[in-house]
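Below: one structure, written as C-alpha cells.
Read the figures in this text as sums done on the coordinates, not as results from a lab. Owing to the predicted nature of the structure, the values given are computational and were not obtained by experimental measurement. Glycine also receives a Cβ, built like all others from the backbone with ideal geometry; neighbour counts cover every protein chain displayed.
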Amino acid sequence: MNKLFSFLRSVVRGEINYKMLKYHFMHRVIGQHDTIVDDDFDWDHYTLHYKGELEVGAKKRTTVLSSDDYKFENRKLVQKGSRLPLHNNAQLLYETILLLSPESVLEIGCGGGDNLRNLNTLNSSFELFGVDISNSQLELFKQRHPELPCSTAIADAALPGFCHKQVDLIYTQAVIMHIGEKDGRHIRAFENAIKTSRQYLVLIENWEKHDFFGDVNDIFAKGVEGWDDYFLYYRESEISTVTKVMIISKVALDFPPLTDNGQLIS
C-alpha cells in the first residue's frame, strides 16, 4: 500500500509522465515481467520508461552539457553557464571521475549515453566505453549521440565475461540498485565490475536497496584476481548531503574513508 501511495504522489508531482505510466501499465499490470530474475525492470521494454525519465529530468536539469556550462576548477566542478544545473548525482559523479583522472572509463548501464557524452565534454582525453543489457537502449544512445567517440556493447553485468576489456575506471549510476538479489545476481554484477576495473570502481546508487558496504567486503574476503588490496572511500555532494558516491580503489586516496554502511545512508 505504501508503494502505491508513493507511486500516486509521483504522478501528481509530475515525476512520472505518460511514457512511464504506459510502461508500468503494459509490463507490470497486464504484461509478463521476466520471472527468471527479480530485477526492478523488464529490460527488453525499459527504453519506453527511460525516455519518460529523460523527458521529466530535462524540465528541471541540464542533461547534456555544452562546453561552457561547467568547468573543473580547484578540484571542483563549477557551474558557469545560465542553463539549468546538473542533477546532484551527475555532478558528484563527474567531479569524482575528474578527480581520479583515469585514462579509460566504462559505464555499466550506459542507457542513452548522456553521462558518457558529458564526460567527453568535460575531458575529451577520456577513452570511453559503455555497456547496457538492452539493445534498444544502445539504439537510443546512437540516436542521441551519433558522433560521440565511444565503444558500446550489449552485456548483462551479472553474467560471466560480461566485458572483455579492462579499463582504469568503471562506474554505475543507479544500476546495481535495480538488479535483484535472487540467486546472488546483484553480487555477481558487483563482482564483475570490480574484476573488470584496473584501478577504480565508482558507484552512485540507492544505498538502501542492497548492503553495498557489506557486499564489497564479502567479495574481497573471497579474493579478487588482480587486486592485492583495496581501499573504500566516499564523497558527499556539497549541494545535497543525501547524494553520496562510493569509491573502491587499488591505491590509497585523499578522500574520507568508508568504514560503515551508515556513512552512505543519510
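Could I have the simple spin-label model distance between D183 and E139, label points 7 Å from Cα toward Cβ, reported in nm to one decimal?
The answer from the label model is 2.7 nm.
For the chain, what is the percent of antiparallel DSSP beta bridges, rounded to the nearest 5?
Just about 45 percent of them are antiparallel.
Normalise the Cα radius of gyration of the stretch 70-263 by 2.2 N^0.38 Å (N = residues in it) and let me know the number.
0.98
If you wrap a convex hull around the C-alpha atoms of the stretch 44-89 and split its volume per residue, what is the figure in Å³?
About 93 Å³ per residue, rounded to a whole number.
Within the set K19/K182; K19/K60; K51/K195; K22/K209, which residue pairs have Cα atoms separated by over 21 Å?
Cα-Cα > 21 Å for K19/K182; K51/K195; K22/K209; rest within.
In whole Hz, what ³J(HN,Hα) sequence does the stretch 139-149 give by Karplus (6.51, -1.76, 1.60; θ = phi - 60°), x for Gly and Pro?
5, 5, 3, 5, 5, 7, 9, x, 9, 5, x
What's the extension gain from S266 to A221 if we count 0.36 nm per residue and subtract their Cα-Cα distance?
Result: 13.5 nm gained on full extension.
With each run of n ≥ 4 DSSP H residues scored as -39500 (n - 2.57), what mean residue ellipticity at 222 nm is computed for the chain after dividing by its residue count and rounding to the nearest 500 deg cm²/dmol?
The helix-only estimate for the chain comes to -9500 deg cm²/dmol at 222 nm.
Using the Karplus curve 6.51 cos²θ - 1.76 cosθ + 1.60 with θ = phi - 60°, what ³J(HN,Hα) values do you get for each residue of the stretch 241-258, in whole Hz, with x for Gly and Pro?
Taking θ as phi minus 60°, the curve returns 5, 6, 7, 9, 10, 9, 10, 10, 9, 7, 10, 5, 10, 9, 10, x, x, 9 Hz for the stretch 241-258.
Which three numbers, in whole Å and largest first, are the semi-axes of the equivalent ellipsoid of the stretch 36-157 derived from its Cα gyration tensor as √(5λ)?
Sorted largest first and rounded, they come to 25, 17, 13 Å.
Cα centroids of the stretch 90-168 and the stretch 210-262: how far apart, whole angstrom?
Centre-to-centre distance over Cα atoms comes out at 21 Å.
If I model a spin label at S125 and K76 as a point 7 Å from the Cα along the Cα→Cβ vector, what separation in nanometres do I get?
My value for the distance between the label points is 2.4 nm.
Tell me, what is the FRET efficiency for K59 and D229 to the nearest 0.05, using R0 = 45 angstrom and their Cβ-Cβ distance as r?
According to the calculation, E is roughly 0.50.
So what is the diffusion coefficient of the stretch 105-178 in µm² per second by Stokes-Einstein at 25 °C and 0.890 mPa s, using a Kirkwood Rh over Cα pairs?
Diffusion coefficient, whole number: 199 µm²/s.
Mind listing which chymotrypsin sites (Phe, Trp or Tyr not before Pro) in the stretch 188-266 are in a DSSP loop and have 16 or fewer other Cβ atoms within 10 Å?
Taking the stretch 188-266 and a limit of 16 other Cβ atoms within 10 Å, the loop chymotrypsin sites (Phe, Trp or Tyr not before Pro) found are Y230.
Report, by chain and number, residues whose modeled amide H sits under 5 Å from the one on D39, excluding near sequence neighbours (fewer than 5 apart, same chain).
G180
Based on the mean of other beta carbon atoms within 10 Å per residue, what is the order of 170-178, 79-87, most packed first?
Taking the mean over residues of other Cβ atoms within 10 Å, the ranking is 170-178, 79-87.
Using DSSP to call loops (not H, G, I, E or B), can you name the GluC sites (Glu not before Pro) in the stretch 101-149 whose Cβ has at most 11 other Cβ atoms within 10 angstrom?
Filter output for the stretch 101-149: E147.
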